[in-house]
Amino acid sequence: MTISQKCQYAVRAILELAKQYGVGPIKTGQIAAKQAIPQRFLENILNELKPTGIIESRRGVNGGYLLARNPGKLTVGEIIRLVEGPVEMVRCIGDKNTPSCPLKNKCALLGLWKKANKAVEEVYDSTTFKNLVDQERKLERTNIGDYCI
């Protein structure tokens, strides 16, 4: 299973907004620069996320985007599902509208795929954006002395 570049950008954009939670709006140019996301692509992603209620936009000189939900209650899994749809390791464990597998009732691998899928979902669903903000801040503190002049 591969997370698309678009989804990675969406998660990184939400992470940047989570870092500014409670501070105020942040401009797309700042998000793009801090998270190495092409600005035009970022604008499209943010416009897709806006109707979900996860982010809000503000107009004007001090405008920009902000996270509308508490980062401690917003999971990476939610963003992945909004951008990509259901998390599925293989198609046969997902939507009932997918083509039926000829081995459906005698597949020894189905249990393995379901366990792997559940494990991945648990990681995404148990990771909040507050967890990621805290982790990034910890990394920044431990890497302070790693520069040379």
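The values are calculated or read from the model by the stated rules, or taken from the named source; none is laboratory data. All values derive from a computational prediction rather than experimental measurement. Note: ideal-geometry Cβ built from the backbone for every residue, glycine included; neighbour counts use all protein chains shown. What goes into the accessible areas is simple: the full protein's heavy atoms, side chains included, and nothing from ligands, DNA or RNA. Shrake-Rupley method; radii C 1.70, N 1.55, O 1.52, S 1.80 Å.
I'm trying to understand the selection: among the residues of the range 107-135, which are within 16 Å of L15 (Cα to Cα) and outside any helix (DSSP H, G or I)?
T127, T128
In this structure, is R69 at pLDDT below 95, among the basic types (K, R) and out of contact with any strand residue (DSSP E or B) (no Cβ under 8 Å at 6 or more places or on another chain)?
no
If a residue must be within 29 Å of W113 (Cβ to Cβ) and of a type in the set (S, T, N, Q), how many such residues does the range 1-45 contain?
4
Can you pull out every residue in the range 68-78 that is open to solvent by less than 80 Å² (accessible area, probe 1.4 Å) and farther than 19 Å from K118 by Cβ?
A68, R69, N70, P71, G72, L74
Do the conditions hold for V87, that is, is it in a helix (DSSP H, G or I) and either open to solvent by less than 50 Å² (accessible area, probe 1.4 Å) or at pLDDT below 85 (or both)?
Considered against the rule, which asks whether it is in a helix (DSSP H, G or I) and either open to solvent by less than 50 Å² (accessible area, probe 1.4 Å) or at pLDDT below 85 (or both), V87 comes out as no.
Quick one: V61 ticks every box in (1) open to solvent by 60 Å² or more (accessible area, probe 1.4 Å); (2) assigned to a helix (DSSP H, G or I); (3) out of contact with any Phe, Trp or Tyr (no Cβ under 9 Å at 6 or more places or on another chain); (4) of a type outside the set (G, A, S) bar one, so which box is it?
Among (1) open to solvent by 60 Å² or more (accessible area, probe 1.4 Å); (2) assigned to a helix (DSSP H, G or I); (3) out of contact with any Phe, Trp or Tyr (no Cβ under 9 Å at 6 or more places or on another chain); (4) of a type outside the set (G, A, S), V61 violates only (2).
Hey, among I3, I54, which residue is closer than 14 Å to V76 by Cα and modelled with pLDDT under 95?
When all the criteria are applied, what remains is I3.
What do you reckon, is I3 farther than 18 Å from D134 by Cβ, under 11 Å from the mean Cα position of the chain (by Cα) and part of a loop (DSSP other than H, G, I, E, B)?
yes
I need the full set of residues from the range 20-49 which are touching a residue at least 12 places away in the same chain (Cβ under 8 Å), open to solvent by 80 Å² or more (accessible area, probe 1.4 Å), not polar (S, T, N, Q) and not in a loop (DSSP other than H, G, I, E, B), in order please.
Result: K34, E48.
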